[in-house]
Amino acid sequence: MKVPMMKCPIFDGHLLYISKFLCMNIHEYQGKSILSRYGVRIQEGIVADSPEQAVEAAKSLNKQTGTQWWVVKAQIHAGGRGKGGGVKLAKSLDDVKDLAKQILGMTLVTHQTGPEGKLVNKVLIAEDVYYPGETPTREFYMSVLLNRGTGRNIIMYSTEGGMDIETVAEKTPHLIFKEEVDPRVGLQGFQARRIAFNLGLSGNAFKEMVKFVSALYKAYEGSDASLFEINPVLKTSDDKILAVDAKVNLDENALYRHPDLMEMRDITEEDPIEVEAKKFDLNYVKLDGNVGCMVNGAGLAMATMDMIKMSGGEPANFLDVGGTASAKRVEEAFRIILKDPNVKAILVNIFGGIVRCDRVAQGVVDAYQNIGEIDVPIIVRLQGTNAEEGKQLIDASGLKVHSAIQLEDAARLVGEVLR
Ligand code: GDP
Ligand code: MN
């Protein structure tokens, strides 16, 4: 499930940007390793990047757990892998080899990857945990995330776990329960028991669930995560409770406290333009719209994206050039924005404080000349120190650049060039 955002008409968009901006995604096998460190029981597995390694992994798992069946799971930063053909059951070592061969190198398309899909570089070989036994297996849904509205953590859970949680959330939202946790006191025992009770558990499974939830909450808190989503949480036929899947988002701003987690970054999963922007120290986040934007300051960048939406466009990116936007940085930022083929117009919105508007204007003019062949219209809104001088520079350059000092004028121009 996508990170659910608290509904709030204007800030809705904001929250989405913030959440994407501050998150580092990791793979299922990495998420499970964090869980395991905190004492959450997991479906055991070993990661592999060739069919031969996959077979070795399966053999070790057999020694470790006694399992005779395995699941081969594509490791990509997206959910919905099961439905997309990225999770398959293997009943022999030959199956493991064949399935690993089939899944490694495939471009997996799921409802979360977009139509272009994602290349699979690694598979997780995991023990089969759906074996028959005393009681039927059951799949639950559970996630821990931040409720920005109340400033509390929230545990969402449901008896309707498995691959169709999106449908559950949409059609039968009353089947998703919520437990709010005050971060100052942490998850209380009665809350963990309420969760186990609401999930309809009793006996040993009940006790196991209480332990599971408590350890899961500690993992979320201890790793400074913004999301831990476990779907399914499985009750095995011998009443163990374990995490079969793990979707984890870590808070980028807290990563400096976790060098070990920082190493989990997999840039092959990230947008190449974003990776490129990081090299230049530009805060760039790719979005799906058509208006590129270049702004100084994260807050102004958020407001600018809202403004683009209100004038009928969709932001193509978030880009904060920082407080010391030199002519050179402006040029680099242009190159980054223009790498995105969806960009139909660019809005430059700079508030000149320390940075002088005429210098930014010079950067725009230079970029235009140095990059050459910019065929999308550019709207430049400069306000603050030397705004008039900046506007004159642009107007005198004779380039296809529209200048504005007032935000409303800039918004109107964006609307006009998109028409
Ligand atoms: P997702 O589709 O990306 O969310 O990937 P999951 O890790 O949730 O796996 C998808 C589905 O595969 C689960 O909902 C299970 O139904 C199934 N699955 C996962 N592990 C096992 C296993 O050990 N045995 C069997 N038989 N099925 C499994
Ligand atoms: Mn899942």
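The values are calculated or read from the model by the stated rules, or taken from the named source; none is laboratory data. Keep in mind it's a predicted model, so treat the numbers as computed, not measured. We place every Cβ from the backbone using ideal geometry, glycine too, and count neighbours over all the protein chains shown. The accessibility values were calculated without ligands, DNA or RNA, using every heavy atom of the protein model including side chains. Shrake-Rupley method; radii C 1.70, N 1.55, O 1.52, S 1.80 Å.
Here is how the numbers come out for the structure above:
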| item | result |
| --- | --- |
| The stretch 313-365 versus the stretch 36-57: alpha-carbon centroid distance in Å | 45 |
| Protection proxy ranking, peptides 380-393, 246-259, average beta carbon neighbours within 10 Å, highest first | 380-393, 246-259 |
| More than 42 Å apart - percent of Cα-Cα pairs taken over the chain | 26 |
| Rounded accessible area of residue 407 (nearest 10 Å², 1.4 Å probe) | 60 |
| Rounded accessible area of residue 59 (nearest 10 Å², 1.4 Å probe) | 90 |
| Percent accessible area from carbon and sulfur atoms, the chain, protein chains only, probe 1.4 Å | 53 |
| The stretch 69-137: trypsin sites (Lys or Arg not before Pro) falling in loop per DSSP and having at most 16 other Cβ within 10 Å | 91 |
| The stretch 137-169 versus the stretch 239-265: alpha-carbon centroid distance in Å | 17 |
| FRET efficiency, 1/(1 + (r/R0)^6) with R0 25 Å, evaluated for residue 89 and residue 167 via beta carbons | 0.60 |
| Rg to Rh, two decimals, where the stretch 127-202 supplies the alpha carbon set and Rh follows Kirkwood | 1.03 |
| Rounded if a/c under 1.5, otherwise prolate or oblate - the stretch 272-418, Cα gyration tensor axes | rounded |
| Helical mean residue ellipticity (222 nm; -39500 (n - 2.57) per DSSP H run of 4+; nearest 500) of the chain | -11500 deg cm²/dmol |
| At most 11 other Cβ within 10 Å, DSSP loop - GluC sites (Glu not before Pro), the stretch 316-375 | 373 |
| Those GluC sites (Glu not before Pro) in the stretch 98-137 that DSSP places in a loop and that have at most 14 other beta carbons within 10 Å | 116, 134 |
| Counting all C-alpha pairs of the stretch 51-170, share separated by more than 26 Å (%) | 34 |
| Dipole in debye (nearest 20) - the stretch 44-128, about Cα centre, beta carbon charges: Lys, Arg +1; Asp, Glu -1 | 180 |
| Karplus-derived 3J(HN,Hα), 6.51/-1.76/1.60, for each residue of the stretch 47-62, Hz, glycine and proline x | 7, 9, 10, 8, x, 5, 4, 4, 5, 4, 4, 4, 5, 4, 5, 4 |
| Helix 407-418 axis, angle to the chain major axis (alpha carbon atoms, nearest 10°) | 80 |
| Per residue accessible area of the chain, 1.4 Å probe, in Å² | 46 |
| Percent RCO, i.e. relative contact order, over the stretch 284-373, from Cα pairs under 8 Å lying at least 6 residues apart | 35 |
| Using a Förster distance of 60 Å, the FRET efficiency for residue 193-residue 388 (Cβ separation, nearest 0.05) | 0.35 |
| Residue 402 accessible area, 1.4 Å probe, all protein chains in place, Å² to nearest 10 | 60 |
| Using alpha-carbon coordinates, inclination of helix 11-21 to the longest axis of the chain, degrees | 70 |
